[in-house]
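In what follows, a structure is listed as structure tokens, so that the remarks can point back to it.
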Amino acid sequence: MRLSKQSDPIQEAIGSMGPWQLIITIALSLKSFPAAWNQLAIAVIAPGQDFFCVSPTPMNASDSMLRACSVRVDDSLPEVPCEKFSYDDSGFKSTIVSEWDLVCQRKYLRSLVQPATQAGFLIGYLTFGVMADRIGRKTPVMIAVTVQAVAGLITAFMSRFELFLLFKVISAIATGGSLNTCFTIMIEIVGAETRSKLVYFYHIPNLLSFLSVPVISYLTKTWDGYWLSTSIPAFLLLSYYWLIPESPRWLLAVGKVEQAREILLQAAKKNKKPVEEVATAIESYETKLLASKTQGFEADSKKRTYGVLDLLRTPVMRRRMILIAINYFNGGMIFYGNAQYASRMSKNVRTNLAVVASFELPGLLIAYFLISRISRLKLIIVANFLMGICLLLIIPFYNYDVFKLALVAVGMSCMTVKIITLHLYTGELFPTVVRNIALAICSVLAKLGGIVAPLLIDYVNDIAYWIVPLIFGLAPILNAILFFWLPETKDCKLPDSIKESENL
């Protein structure tokens, strides 16, 4: 029994796409702005910035103090650590580096910011992901956006680095906590025929937010100005309380039929569909669920809760979860690594970021025209292979900044195609009862990759210039190869049970 052409009575009752779904999707897509502003902030609040040792005074006045961490003050004494620094403020009036002297012996603190942020997203994905599959989608989203807005605003006013990092991580936990759940709500309320293009439009704010990072940084020129400017808009997300309903598909999956009926009736009215069809759809859904039980399918989701172990319980689910997890880890490492790598190529930090971000647009257009026309697997495999080739070519062109930037930018286009398609594919591959947990775990792996990326760039890149491009180039090629062992999901009805998912 395969699912590729099964009907979906719920979508037939309320329509595949209408005003009800459109309003919700637009609202949910706006979540990408504060999320990207937080994740990509490291490139503009802690850029590669020249510094000078100004105290103590060197014994020889001709000694260069540029990037000096120690100084000789007496021939009879060893060099002593610098106690005070000044910073090149030609591009940035203040950064967290200049604010708290995150250079020399304190350089490791700067390297800690991005891994700590990614760890925050990781915790948020996992914690809120499990919560969303157990208590519903909407409540975790509202908790997360409230904490995100408050913690983000507090971060901009911290006078100590430790407090800045603490509240930045809290904001990251909340931001990550709502991202996947918002995406899950979206794919659970639209039909298969519109799902692919809607996911494309859902990612447009990712492009706009990436492009806006260097613009906001240029207008504010200070780390706290940037942070304040990007934290205040998060309070608009509190409007989700009125705009976003609970997922009716989740409500039906856990047996809360009357609550689902109320939401579906509202959707049918908004979409100008006969409300009588809602009752028929619910009855049809329950009939199919009962039939699946009598055919020996897994236990009714109304009588049990699902968790992480259900993703690993059977050989099929276990293999799929492992292969997808590797893809997300490598993808996270490459995406965040590329953004930070581009910001370190030259002193034109904002220009480099803007160029790399602008190349997401071709990726979006390619995804838009191809995602509903060709196989998900083919699109992901080709995008991964091309990305790997571009990043490997950085090695022979390493000394040519223009070519190097162009290769990173083209690689980012391929990455955009891959991210959009992979996110959609993952939501289609895993069933309703564990979908949010699966997305949460995948995002956790992506953030682990994001934790590794800055460490590679800050430390391994100093050992040999070719190591980072080699790692970033081979990782997507490995991703492409692994997808040969995964099933196609294009035009599939969303699976509700694990058995349905395994039948893909």
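The values are calculated or read from the model by the stated rules, or taken from the named source; none is laboratory data. Quantities reported herein were computed from a predicted structural model and do not represent experimental measurements. Glycine gets a Cβ as well: all are built from the backbone with ideal geometry, and neighbour counts include every protein chain shown.
Side notes on the structure shown:
- When region 450-465 is filtered for residues that are modelled with pLDDT of 80 or more and surrounded by 15 or more Cβ atoms within 10 Å (Cβ to Cβ), the ones remaining, listed by number, are G450, I451, V452, A453, L456.
- Verdict on V452 being within 14 Å of the chain's Cα centre (by Cα), in a helix (DSSP H, G or I) and closer than 22 Å to I123 by Cα: no
- Residue-level check: of (1) farther than 21 Å from A36 by Cα; (2) touching a residue at least 40 places away in the same chain (Cβ under 8 Å); (3) surrounded by fewer than 18 Cβ atoms within 10 Å (Cβ to Cβ), F161 misses just (3).
- Taking the criterion of being farther than 15 Å from G15 by Cα and modelled with pLDDT of 75 or more, the residues of region 266-292 that qualify are E283, S284.
- Note on region 248-262: residues that are surrounded by fewer than 21 Cβ atoms within 10 Å (Cβ to Cβ) and part of a helix (DSSP H, G or I) total 5.
- Residue that is farthest from the chain's Cα centre (by Cα) [pool: residues in region 265-285 that are more than 17 Å from Q21 (Cβ to Cβ) and of a type in the set (D, E, K, R)]: E276
- Lone qualifier among T57, T117 - being hydroxyl-bearing (S, T, Y) and touching a residue at least 60 places away in the same chain (Cβ under 8 Å): T117
- Contacts under 8 angstrom Cβ, first residue in region 306-317 being on the phi < 0 side of the Ramachandran plot and of a type outside the set (F, W, Y), partner surrounded by fewer than 14 Cβ atoms within 10 Å (Cβ to Cβ) and assigned to a helix (DSSP H, G or I), 6 or more apart: L311/R318; L312/R318
- Positions within region 421-433 being among the hydrophobic types (A, V, I, L, M, F, W, C) and modelled with pLDDT under 85, in sequence order: V433
- Per-region count, region 82-132, residues in contact with a strand residue (DSSP E or B) (Cβ under 7 Å, 6 or more places away or on another chain) and basic (K, R): 2
- Boolean, A367 is farther than 23 Å from L478 by Cβ, in contact with a Phe, Trp or Tyr (Cβ under 7 Å, 6 or more places away or on another chain) and of a type in the set (A, V, I, L, M): no
- Unmet criterion (only one of (1) free of Cβ contacts under 8 Å to residues at least 24 places away in the same chain; (2) part of a helix (DSSP H, G or I); (3) touching a Lys or Arg at 6+ places or on another chain (Cβ under 8 Å)) for A13: (1)
- So F92, is it surrounded by 19 or more Cβ atoms within 10 Å (Cβ to Cβ) and either assigned to a strand (DSSP E or B) or at pLDDT 85 or above (or both): yes
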